[in-house]
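The next block holds one structure in the form of structure tokens; read it before the comments.
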Amino acid sequence: MNKIILGVKFALSYFTLLPIRFNADDDLSHPRVLKSMLLSLPFVGVLLASLSIGVFSVLESLGWLGAIIAAVIYMVLYGFIHTEAVIDVADAVHAAHSGKDPYEIIKDPTVGAMGVLYGVSFTLLKIAALSTLLMHHLFLPFIAIALISRLSLLVLIRTYEFRSSFVTRLHENLRVVPLILLILLCGALGFYLLSVNFLPLFVAGVLTALLLSFLTKRSLGFINGDVLGMSLEGSELVLIITALLTCR
């Protein structure tokens, strides 16, 4: 049980800005800790979406301003860790087109012009789309989107081989049977929240993540954590637009 709790705390500390403390002797590399970390990831998304909805509920009287603040807070809560990946991948893709080493570019801490342009453009779209979702009170679809996007991330981790030692360890500790059971559990929760509307969101989220990762791998020649983050952000944007089209 301690390893499970430690894994959940690891997921919260790695994928959010929530203040999580560890003891000096906590072994975060233990297989059971990594497995628990991965399997709790979709519910971390549910928590972040719920906190953002709570902020909007308090600020709803401000209209669009309240929705924008809540949307930005959602991204702030995960530390823009996935949004930063959009910038890195954009730089790497354009570097590959120019004949440069995309892996060297994607690991470079500096940001190129194309990364800035793509990052700003995506952030504007994400905030606008999420603010619209909140303004239409599509709270349950928002929670489902946060769950599906991170569930799609687990599908990618299980599917690919990675050029990243950390993600490779995650891949090795994510077994097929627990992932299938998690998908069934999340599916049951999704149908409870949204009924049949959950199915198109789930299909759109998984297919978008798979397509984005496939196209990026073909362009770069590899997949790492940045590609995963970019795929998550891309799938969330598509899911928000899908929800606005189908759930209103």
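The values are calculated or read from the model by the stated rules, or taken from the named source; none is laboratory data. Because the structure is predicted, anything quoted here is derived from the model rather than measured. Note: ideal-geometry Cβ built from the backbone for every residue, glycine included; neighbour counts use all protein chains shown. Heavy atoms of the whole protein, side chains included, go into the accessibility calculation; ligands, DNA and RNA do not. Shrake-Rupley method; radii C 1.70, N 1.55, O 1.52, S 1.80 Å.
Starting from 0.36 nm per residue, how many nanometres of slack lie between Leu124 and Leu28 once their C-alpha separation is accounted for?
Details: separation 96, 0.36 × 96 = 34.56 nm, distance 3.55 nm.
Full extension of this stretch gives 31.0 nm more.
Using Cα pairs closer than 8 Å and at least 6 residues apart in sequence, work out the relative contact order for segment 109-248, in percent. Don't skip to the answer; put the middle values down first.
Values: 121 pairs, mean separation 50.0, N = 140.
Here the relative contact order equals 36 percent.
Using a 1.4 Å probe, what is the accessible area per residue for the chain, in Å²? Present the calculation step by step, with values, prior to reporting the outcome.
On the way: 11690 Å² over 248 residues.
Here the per-residue accessible area is 47 Å².
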ask   = Rounded to the nearest 0.05, what FRET efficiency is calculated for Arg175 and Leu245 with R0 set to 35 Å and r the Cβ-Cβ distance?
value = 0.50
task = Compute the FRET efficiency between Ile73 and Thr168 as 1/(1 + (r/R0)^6), taking r as their Cβ-Cβ distance and R0 = 35 Å, and round to the nearest 0.05.
result = 0.60
remark   = Expressed as a percent, the portion of alpha-carbon pairs in the chain spaced more than 35 Å apart is 12
Candidates Ala113, Ala85, Ala209: whichever shows maximal mean-square fluctuation once the chain is modelled as a Gaussian network with Cα springs under 10 Å = Ala113
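Quick check: with the 1.4 Å probe, what order do Tyr118, Tyr160, Tyr78 take by accessible area, largest first? It would help to have the intermediate numbers written out before the result.
Working: Tyr118 110, Tyr160 30, Tyr78 5 Å².
Listed by decreasing accessible area, they come as Tyr118, Tyr160, Tyr78.
Take a quick pass over the chain and tell me how many lysine pairs come in under 21 angstrom between Cα atoms, counting only ones 8 or more apart or on separate chains.
Values: Lys3/Lys35; Lys9/Lys35; Lys100/Lys217; Lys107/Lys217.
Summing the qualifying lysine pairs gives 4.
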query = Loop-only check: which chymotrypsin sites (Phe, Trp or Tyr not before Pro) in segment 1-38 are DSSP coil with at most 15 other Cβ within 10 angstrom?
reply = Phe22
message = Test of understanding: extend the Cα→C-beta vector of Ile4 to 7 Å, then name every residue of segment 40-69 with backbone N under 16 Å from that spot.
response = 40-44
remark   = Rounded to the angstrom and largest first, Cα extents along the principal axes for segment 47-174 equal 51, 37, 18
task = Kindly identify segment 146-248 as rounded, prolate or oblate by the Cα gyration tensor criterion: order the square roots of the eigenvalues as a ≥ b ≥ c, call it rounded if a/c is under 1.5, otherwise compare a/b with b/c, prolate if a/b is larger, else oblate.
result = oblate
ask   = How many angstrom lie between the C-alpha centres of segment 1-48 and segment 61-135?
value = 25
query = Where in the chain are the DSSP H helices whose alpha-carbon span along the long axis reaches 27 Å or more and whose Kyte-Doolittle mean is at least -0.5?
reply = 41-59, 113-135, 139-159, 198-220, 225-246
task = Calculate what fraction, in whole %, of the accessible area of segment 3-247 sits on carbon and sulfur atoms when a 1.4 Å probe is rolled over the protein chains.
result = 68
query = Using the Cα gyration tensor of segment 116-196, with a ≥ b ≥ c the square roots of its eigenvalues, what is the shape: rounded (a/c below 1.5), prolate (a/b larger than b/c) or oblate (neither)?
reply = oblate
